[in-house]
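Please read the structure below before turning to the comments.
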Amino acid sequence: MKHWRSLALLLCVAGTACASDAHRVESPSEPTVTFRVDPALAALPPMEFPIEGKTDAERRLFVDVRDGVVRRMLVLQFETVRPGSDFRFVFPPKPPRTFGPNVYRSGAYAYDDMLAAERAPGLEAARTRALLQQRGLRPPRYWHVARLARVADPDGMHEAIVFYMENADARYPDGLVDVDEDGDGLLDAAETARLWLALEHAVQVQPRAGR
């Protein structure tokens with residue numbers, strides 16, 4: 001774990017998320033807040049990639065690892081519509097959940113990460129699994145996830161997403177059960193409440209200075 005905590009301080013670059021230290025994250029795509037991540041989660045290098053030719057994404061990963069296995073992961077993802085694209089982020093914050101000064105669309109579910117990576121090798125799941133594996137880490141196949149997402153500006157040019165994820169492989173020896181129309185597993189009320197509490201411990205958000 002000391003290896004991960006000794007990563008060099010990240011430099012702020014115009015147009016990307018930045019931090020004065022690895023656990024303080026700001027992004028032009030979410031200009032109203034600063035994210036402060038629990039130092040118990042080790043910061044990995046930022047990922048930057050396009051999504052379906054419509055947006056440019058930056059994905060920030062923070063992991064809790066034991067014996068090479070990723071037990072927990074926090075993901076902060078910031079997306080910006082690419083120049084010339086007519087795509088816009090348009091969705092209401094429903095079901096709503098307040099986190100810091102903003103209201104987000106919220107959801108909690110079980111998720112087959114390996115299947116998602118196989119189906120879309122150029123998208124987030126595949127890229128994230130590849131990064132973890134390149135660094136000698138073993139991501140799970142199944143995650144329990146609490147997710148927040150919001151359109152971060154009136155013109156729909158930016159989106160901010162927070163994922164809190166826990167290794168759930170031991171829960172699904174025979175695959176996901178009670179899946180919804182998207183193929184995600186349904187969680188009971190107690191597990192959902194526990195995940196939201198864990199997310200709030202893993203990352204805090206506060207209004208950015210001057211906002």
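For segment 43-57, filtering for residues that are among the hydrophobic types (A, V, I, L, M, F, W, C) and within 14 Å of the chain's Cα centre (by Cα) leaves 4. In this structure, Leu74 qualifies as in a strand (DSSP E or B) and not aromatic (Phe, Trp, Tyr). Out of Arg150, Arg72, Arg88, Arg82, one residue alone is in contact with a strand residue (DSSP E or B) (Cβ under 8 Å, 6 or more places away or on another chain), among the basic types (Lys, Arg) and over 24 Å from Asp182 (Cβ atoms). It is Arg82. Where strands (runs of 3 or more DSSP E) sit wholly within segment 107-209, those with at least 1 residues that are more than 28 Å from Lys94 (Cβ to Cβ) occupy 158-167. Considering every residue within segment 101-115, establish whether at least one is out of contact with any Cys (no Cβ under 6 Å at 6 or more places or on another chain), modelled with pLDDT under 95 and either more than 20 Å from Leu199 (Cβ to Cβ) or surrounded by 15 or more Cβ atoms within 10 Å (Cβ to Cβ) (or both). Looking through segment 101-115, none of the residues is out of contact with any Cys (no Cβ under 6 Å at 6 or more places or on another chain), modelled with pLDDT under 95 and either more than 20 Å from Leu199 (Cβ to Cβ) or surrounded by 15 or more Cβ atoms within 10 Å (Cβ to Cβ) (or both).
Across segment 77-96, the number of residues qualifying as in contact with a Ser or Thr (Cβ under 8 Å, 6 or more places away or on another chain), outside any loop (DSSP other than H, G, I, E, B) and open to solvent by less than 70 Å² (accessible area, probe 1.4 Å) comes to 4.
The conditions of being surrounded by fewer than 14 Cβ atoms within 10 Å (Cβ to Cβ), at pLDDT below 95, farther than 21 Å from Leu44 by Cα and not aromatic (Phe, Trp, Tyr) are not met by Arg119. Taking Arg194 as the residue in question, decide whether it is open to solvent by 40 Å² or more (accessible area, probe 1.4 Å), among the charged types (D, E, K, R) and in contact (Cβ under 8 Å) with a residue 60 or more places away in the chain. In short, no.
Kindly evaluate Arg71 against the criterion of being in contact (Cβ under 8 Å) with a residue 12 or more places away in the chain, surrounded by fewer than 15 Cβ atoms within 10 Å (Cβ to Cβ) and farther than 19 Å from Glu52 by Cα. For Arg71, the condition - in contact (Cβ under 8 Å) with a residue 12 or more places away in the chain, surrounded by fewer than 15 Cβ atoms within 10 Å (Cβ to Cβ) and farther than 19 Å from Glu52 by Cα - is met.
The values are calculated or read from the model by the stated rules, or taken from the named source; none is laboratory data. It should be emphasised that the depicted structure is a prediction, and the values quoted were computed from it without experimental measurement. Using ideal geometry, Cβ is built from the backbone for each residue, glycine included, and neighbour counts are taken over all protein chains shown. SASA here: full protein model, heavy atoms, side chains in, ligands and nucleic acids out. Shrake-Rupley method; radii C 1.70, N 1.55, O 1.52, S 1.80 Å.
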